[in-house]
Each structure stands twice: as structure tokens, then as C-alpha cells.
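Following: one structure in C-alpha cells, then a few remarks.
Nothing in this text is a laboratory measurement; each read-out follows from the coordinates by a stated rule. None of these values were measured; they are calculated from a predicted model. Heads up, the Cβs are rebuilt from the backbone with ideal geometry, glycines too, and the neighbour counts pull from every protein chain shown.
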Amino acid sequence: MRKIKWGVLGAGGIADRRTLPGMAFADNCEIYAVMEVFPELAEKLREKYNAKKAYTDADSLLADPEVEAVYIASPVVYHAEQVRKAIDAGKHILVEKPIASTAAESMELCKLAADKGLLMAVGLMMRFNTHHQQLKQMIAEGKFGQLVSCHSQFTCWYPDMPGNWRQSKATAGGGAMTDMGIHCLDLIQYIVGSDIKKVGGLAETLTFNYDVEDSCSALFQLENGCFGTVDANFNIPDNAVKWKLEFYGTKGSAICVGTIGQMDGGEATVILSDDSIGYDATQDRNEEGGVVLTGELGNIYGREIESFGNSIINGTPLEVPATDGAKVQKIIESIYESAETGKFITL
Ligand SMILES: NC(=O)c1ccc[n+]([C@@H]2O[C@H](COP(=O)([O-])OP(=O)(O)OC[C@H]3O[C@@H](n4cnc5c(N)ncnc54)[C@H](O)[C@@H]3O)[C@@H](O)[C@H]2O)c1
């Protein structure tokens, strides 16, 4: 099997925690080069992942003709420049979210890559969760009837850490919704197969002292009419939440607990009902109902890399095109605008 030679820019963060280990599960991937700013770390990672090259600057990795695709996992403030340089160097690109500091620049970069015939995907890897894929199919088959309501929540405990790039607008672009809620908004649009058309939101720094929001909630409507809400917080203790993702329709619901996150799996319970046939004045509930989905679990980062490699090698459509990342970023900017103006925004 042909293997894509990957170069990784910013190999020491999420790349080392998840994506580089995940690459081992992708048959079409060779970890060829890693780049980190400190030489000792770059060399340590090269050794750990058995890569051929270790670089300490992006330009040198991008100048390496052996590198065919790059995974950009540096702090957000460096993304735009590194994507631009990767495009100039003729590399295919998987870039972590958000692609750039603004949706407009993200979209411009998508166009630049497309004009050069390069593939660009964004790191919204939760699309590859087994249960999310199953639910996408079930919704497309109409199993839940007319979808009318959906909800998702993604949070963490992120106290003040002076100098932390994620806690400054200048280096992160935004706070909890930009960093975490982006996955929820993307999953809802992807699984339902309908885009958000109208959105309102609240965003404030309620608990900590940094200048990005630690609390953000969005209320929206999809093109297909379904209403939805997403909550993103940096100020709820990790063990106090279930990271829920819920879909409700006229014929049933899907309630996922822990499918959001960095691991495959979680629990997805599907309840199909024919209540819609008639009105039941007693409103009796059958608490026993529901089927817990099963499926062959894997590594979502491995699937992300394998899928992108397949698009390069076989021309299969991108599962997570970067344009989707730019569009969801535009929604987040509209949520922030709504929080400022108090008005709903039509996209
Ligand atoms: N998909 C996911 O599961 C996931 C999870 C966390 C973070 N992320 C995204 O990954 C990106 C990085 O986040 P993180 O949590 O790994 O941050 P991090 O701060 O933990 O790691 C970033 C790494 O980049 C390195 N770096 C610093 N300056 C650099 C430069 N100029 N060029 C290249 N590398 C540089 C740092 O030394 C560090 O090792 C962000 O876009 C974030 O949104 C994605």
C-alpha cells in the first residue's frame, strides 16, 4: 500500500498526546518528519515515533521534498502563516481548528489551497466516532422522523494560567466556543446533514480573569427547521459533566453520553417510538426503552489520518473539508456578535 509521508508542525502538544499515536493505526501513513521549537523535544519526538527527520522550524520541514502532507498542530496564532507556507510548498494540509484567527482568513486559505490543487482538511476528528457515523446514517434514513431539537455540551476546567496562548484573544481567536464548542456545532451540522442558518448567543468570562470567554451558549436553527443549543464552558469541573449530544425527532431520539471527546465510543442510546400516532393524555413514560448502539470501535485520530490519506491517494471526497471548518468558525463569530448586540444573526 502506498504510504503518505507526513510532516508534523508543532509535534509536542495534541500531536504527541493523540494524533501521532493515532497515525500508527493508519495503514497509508508514514511519520516522516516532526517539527518542534526546542531541539531536544524535536529529537525526542523523532525517536519516539521513529521518524526520519526532526526539524526546529517550519520552513525547513516544508522545504523537504519528501514531505507530501503536513499536519499543523501548533498554537492557533501560527496556523495561518504555516498553512500559507505549506500551500506555497505544494503540501497537502490537515490543520487543527481553527484554521486561522478569523473565518474570512480561513476561507481565503481554503481557496488558495484549492486553486493550487491541494487538499486541505481540518482537525474536527470527532466526526470519526463510530456512534456519530451510525447516527448520521440513521438520521439520513429518517429513523427519527422530522428532527426538531438537538443539544450538545463540551466543557473543561481551565483556570487562569498567565501566558497560556489559549487564554488570550490575540493568540487563540476566542475562548470556550472557539476551542471546544466548535466540535459540537460541527457534529450537529455533520450528523444532521443540515447547516445552521440563524444563531444567537451569550458569551462572557464569568469565572476567570483571562480575556477570552469561559462561558458561551448558543441557540440556533438549522436549514431543515430543527432547533438546537450548544454550551461550551471552561469553568465546570471535568468530573461534573457528561459531554452530552442529543437529537430528538417526531419518531424518537438519540442520546449520547461521552461520545464527544478524544476517544472512540461513549454510549449512544436510541429510543424509537410511535407516540406520534396518537396523543396520550396520561403521558406515561417507559423508562426501560432504548437500544444502546454497538459497533467496532477504533482510534478516531487514526481514522482521520487514514481518511485524509485515502483522499490524496484515491481521490475519495474529504470527510472533513477545511471549508467546513471555516464555515463553523463563521458561526462562532456570529455567536460572539450576537452576544455583543443581543440580536440573532442570519448566516
Ligand atoms: N483535535 C484535537 O483533539 C485537539 C485537542 C487539543 C488541541 N487541538 C488543537 O491543536 C492545536 C494545538 O493545541 P495544543 O493543545 O496541542 O497546544 P499545546 O500548546 O499543548 O501544543 C502546541 C505545540 O506547538 C509547539 N509550538 C510552539 N510554537 C510553535 C511554532 N511556531 N510552530 C510549530 N509549533 C510550535 C509548542 O512547543 C507545543 O509543543 C490547536 O489548534 C488546538 O485547537 C486539537
³J(HN,Hα), Karplus 6.51/-1.76/1.60, whole Hz, each residue of segment 68-78, x for Gly, Pro: 9, 9, 10, 10, 9, 10, 7, x, 3, 4, 9
Amide H within-cut-off set for SER215, under 5 Å, with H built and near neighbours excluded: ALA176, GLU204, LEU206, PHE234
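Order of 69-80, 220-231 by packing, highest average Cβ count within 10 Å first?
In descending order of packing, they fall as 69-80, 220-231.
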Nearest 10 degrees, 0 to 90: helix 39-48 Cα axis against the chain principal axis: 70
Residue with peak Gaussian network fluctuation, the chain [Cα springs, cutoff 10 Å], from GLU246, GLU319, GLU296: GLU296
Label-to-label distance, nm, for residues given as THR207 and GLN146 (7 Å Cα→Cβ offset): 3.9
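Of the listed pairs LYS48/LYS111; LYS169/LYS327; LYS169/LYS198, which have alpha-carbon separations greater than 27 Å here?
Numbers: LYS48/LYS111 36 Å; LYS169/LYS327 20 Å; LYS169/LYS198 25 Å.
Exceeds cut-off: LYS48/LYS111.
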Amide hydrogen neighbours beyond the local backbone of SER149, cut-off 5 Å, H modeled: PHE227, TYR248
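Restricting to DSSP H runs of at least four residues, report the calculated mean residue ellipticity at 222 nm for the chain, -39500 (n - 2.57) per run over all residues, nearest 500 deg cm²/dmol.
Working: 10 runs with 104 residues, N = 347.
That calculation yields -9000 deg cm²/dmol at 222 nm.
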Karplus (6.51, -1.76, 1.60) ³J(HN,Hα), θ = phi - 60°, over segment 132-143, in Hz, Gly and Pro reported as x: 5, 5, 4, 5, 4, 5, 4, 5, 4, 7, x, 4
Of all DSSP beta bridges in the chain, antiparallel share, percent nearest 5: 60
On Cα atoms only, tilt of 300-314 relative to the major axis of the chain in degrees: 70
Nearest 10 degrees, 0 to 90: helix 79-88 Cα axis against the chain principal axis: 60
Linear extension gain, ASN164 paired with VAL291, 0.36 nm per residue minus alpha-carbon span: 41.4 nm
Residue-wise HN-Hα coupling along segment 210-220, computed from phi with Karplus coefficients 6.51, -1.76, 1.60 (Hz; x: Gly, Pro): 7, 9, 8, 6, 9, 9, 8, 10, 10, 10, 8
Length gained when the stretch MET1-LEU112 is fully extended (0.36 nm per residue, less Cα-Cα span): 37.0 nm
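What does the highest-first list of 43-56, 180-193 look like by mean Cβ count within 10 Å?
Details: 43-56: 17.2, 180-193: 23.7.
Answer by packing, highest mean first, reads 180-193, 43-56.
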